[in-house]
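Asks: Below is the structure I would like to discuss, written out as structure tokens.
The values are calculated or read from the model by the stated rules, or taken from the named source; none is laboratory data. These numbers come from a predicted model, not from an experiment. Because the Cβ atoms are built from the backbone with ideal geometry, glycine has one as well, and the counts that use them run over all protein chains shown.
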Amino acid sequence: MKSVFFTLVLMFAGAFAFAQADNSLSFLNSGEYAFYLDKRGDRTFYRGYMYFPVSDGNRVLFARSIDAQTGQQENFMFTVNDDNNGYPTVISDLQASVPVTAFPQIIVDYLNFSTLYLRTRNNYQIQSLIDDPWDGFTLVFSFNKILPFFGFYDVKLKGENESKYILLYGGILDADSASQFFNMNPANMNVVPAARDRRVPQIPVKSEKEVEQNGVSIRLDENWQYSNNPELPGFWLPLATIRDSQIAIERANLRRFSNINIFSSNYFMFFKYTILNAGNTIEMNTVKIQEAGNGYQMECYITDSNARNYFRTTLVLRGNDLIIINFSTFADIYENNKDYYEKIFASVRVNR
């Protein structure tokens, strides 16, 4: 079985090749989707979007608008055409599940949000707050290129703290599973479980030593044990279970992959594919990214099998080698022992 790392690298290479088409949707992947909570007016809506290219070459968008109070739903399908500057301005072949008497808000939003992203994405490397001025007010978008679809987490009125438009979750579907987009219930997805009623295990104080894997050294105490499990190789910390925390270090030579040298300037794309493939388990409001040494580091919380987990991934480019340092742990253990884990993170060194 391939490791998660190599699977993502191969996906990245293929997806990048797909995304080279010169059009306003080139920043999206086939099957990429996202759901948002729209609280801008007197009524609250769930807004969902999914992109799929079709066999005739058209770029098709699917959209869902759901009234959060009544559950009333409207579905749309349309194609997108660009102006001479490469911005999406024309909607054609609009199909709707209900009679349309005016241009639907969800389509107006698509044009506004995607155009704003395309106009401003070269002004920042990965993330930025972007002002969008209108007559009498200004909207502030929290853009982050590793987030799904429009690349922002929320929208606020400038000078206010309340989010008016919020990313709930996103992911990616293939042609065989695309219909799932219309069966998803945004009200029930990505619900953070209540804190587990348990006594968080203590980490015993033990002597430390430096260990190395794939040219990366890290200082661990004797609580950690190395596991050569073919699916999850790395260092495991057994406390209440045999693997309450895990550190895995993987390495690949980029010359094995055509055009993969793009990692040197597009680190964020690797993290985006990580998030898309984690799908509805990611808590989008916890996603953070920052520079770390010779690369970038992403952290987030993930809800999986009714347990909350903390993840931190560091991506480093060393010569022709791509190095991934993955850390995961139960969230309650991390929260109760942050200093312990931060000390471990600070000890990481790429030696070769």
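Asks: Name the residue that is modelled with the lowest pLDDT, counting only residues in the stretch 125-136 that are part of a strand (DSSP E or B) and of a type outside the set (A, V, I, L, M, F, W, C).
Replies: Going through the qualifying residues, I end up with GLN127.
Asks: Could you check the stretch 285-317 and list, in sequence order, the residues that are polar (S, T, N, Q) and closer than 25 Å to ASP154 by Cβ?
Replies: Hits for the stretch 285-317 are ASN285, THR286, GLN290, GLN297, THR303, ASN309, THR313.
Asks: Also, quick follow-up: Any chance the stretch 98-108 includes a residue that's crowded, with 17+ Cβ neighbours inside 10 Å and part of a loop (DSSP other than H, G, I, E, B)?
Replies: yes
Asks: Go through the residues of the stretch 174-185 one by one and say whether even a single one is under 26 Å from ASN309 (Cβ atoms), at pLDDT below 95, in contact with a Phe, Trp or Tyr (Cβ under 8 Å, 6 or more places away or on another chain) and not hydrophobic (A, V, I, L, M, F, W, C).
Replies: There is no residue in the stretch 174-185 that is under 26 Å from ASN309 (Cβ atoms), at pLDDT below 95, in contact with a Phe, Trp or Tyr (Cβ under 8 Å, 6 or more places away or on another chain) and not hydrophobic (A, V, I, L, M, F, W, C).
Asks: A follow-up question, please. Step by step: first the residues of the stretch 31-41, then only those that are in a loop (DSSP other than H, G, I, E, B) and at pLDDT 90 or above, then the one that is surrounded by the fewest Cβ atoms within 10 Å (Cβ to Cβ). Which residue is that?
Replies: Across the stretch 31-41, the extreme among qualifying residues is ARG40.
Asks: A further question follows. Only one of PHE16, PHE52, PHE62 is modelled with pLDDT under 90 and in the same structural domain as LYS156 (by TED's automatic domain parsing); which?
Replies: After applying the criteria, what remains is PHE52.
Asks: Wholly within the stretch 137-250, which strands (runs of 3 or more DSSP E) include no fewer than the required count, namely at least 1 residues that are outside the structural domain of ASP339 (by TED's automatic domain parsing) and either out of contact with any Pro (no Cβ under 8 Å at 6 or more places or on another chain) or free of Cβ contacts under 8 Å to residues at least 60 places away in the same chain (or both)?
Replies: Per the criteria, 137-144, 152-157, 163-172.
Asks: Which condition does SER142 not pass, out of (1) of a type in the set (Gly, Ala, Ser); (2) closer than 22 Å to SER24 by Cα; (3) at pLDDT below 95, if it passes all the others?
Replies: (3)
One line per residue, one yes/no per condition, for (1) touching a residue at least 12 places away in the same chain (Cβ under 8 Å); (2) over 17 Å from VAL155 (Cβ atoms); (3) under 16 Å from the mean Cα position of the chain (by Cα):
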{"position": "SER26", "(1), (2), (3)": "no, yes, no"}
{"position": "SER30", "(1), (2), (3)": "yes, yes, yes"}
{"position": "TYR33", "(1), (2), (3)": "yes, yes, yes"}
{"position": "LEU37", "(1), (2), (3)": "yes, no, no"}
{"position": "ARG40", "(1), (2), (3)": "yes, no, no"}
{"position": "TYR46", "(1), (2), (3)": "yes, no, no"}
{"position": "LEU61", "(1), (2), (3)": "yes, yes, no"}
